[in-house]
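Taken together, the values in this text are just the output of simple stated rules run on the coordinates, not laboratory data. Every value quoted in this text rests on a predicted model; they were computed, and no experiment measured them. In this analysis, Cβ positions are derived from the backbone assuming ideal geometry, glycine residues included, and neighbour counts consider all displayed protein chains.
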Amino acid sequence: MHYHPDQHEWEQEAALEQFIEEQLRQLSEEPVFAYLAKFGDAIQRRVDTCRSEARALVVAGFYGAALVRAAAGIEITVRFFLARPLVQGAFLSDQWSQVLTSRILNGRAAEDRQLLPAILRNWGLDITSLTLTDGSQVWECIVTRIWPSRNDYVHAGATVTLDDAQAASDCLDQLLAAVVAPIARRLGFTREETDAWSVVLSRFDRHLNPPRRFETASPFHGSD
């Protein structure tokens, strides 16, 4: 096997590039971790309340109200679990975060609908590949079916079907399980064991090292 005279230099350059990439990744992830460690518990409580109430309303036959609660849970998840922390983690200001979040939730153009998928692709997640049991795409269902149906029900008194209400709940479940949970694991959160964003077990030795506990706050106006 022949050893190229420049191979050592190439290996050093590759190692340096990898080191820089890892440092930049950590820098971009630190503000995301800090945001979720501080606000994650309050956000989770809101989302969990929306989920449980939506399910109860479906069982009771109040499909419109169930759709509204599930859609609220979706918006909270998109705004506070995904868009705001991930955009701020990309070295953008809170003002830019609010602008982009507003466009994701309220934008009507096709380009606006692609903002969240584009943000998530930087985290190795393809939200457009998530599907419901009927084969429909989760994100497409949210932006073209759930939110319009919610608006028609609230503002025009339209009728909501059981299928629409159930689809909204299923979309929320998918967002949490297939998008929020992988991001949490990548950042080092241990919610499955601590049942909290603000309590994080050590990655190295969970028996010897005490968990880290973070000060919590709510990103919402008013009480939770």
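Only counting other Cβ atoms within 10 Å, I'd like THR77, THR194, THR133 sorted with the fewest neighbours first.
Arranged by neighbour count, lowest to highest, THR77, THR194, THR133 become THR133, THR194, THR77.
Tell me the trypsin sites (Lys or Arg not before Pro) within the stretch 140-224 that lie in a loop according to DSSP and have at most 11 other beta-carbon atoms within 10 Å.
Listed in order of number, the matching sites are ARG203.
Report the GluC sites (Glu not before Pro) located in the stretch 130-224 that are in a DSSP loop and have at most 12 other Cβ atoms inside 10 Å of their Cβ, or state none.
Here the GluC sites (Glu not before Pro) that fit, given the DSSP loop and packing criteria, are GLU215.
Suppose R0 equals 22 Å; then what is the FRET efficiency for THR49 and HIS221 from their Cβ-Cβ distance, rounded to the nearest 0.05?
0.85
Let me spell out the model: positive unit charges on the Cβ of Lys and Arg, negative unit charges on the Cβ of Asp and Glu, origin at the Cα centre of the stretch 136-186. What dipole size does that give, in debye rounded to 20?
Here the size comes out at about 300 debye.
Please list, in chain and number order, the residues 5+ apart from TRP197 or on another chain whose amide H is under 5 Å from its amide H, with Hs placed from the backbone.
ASP41
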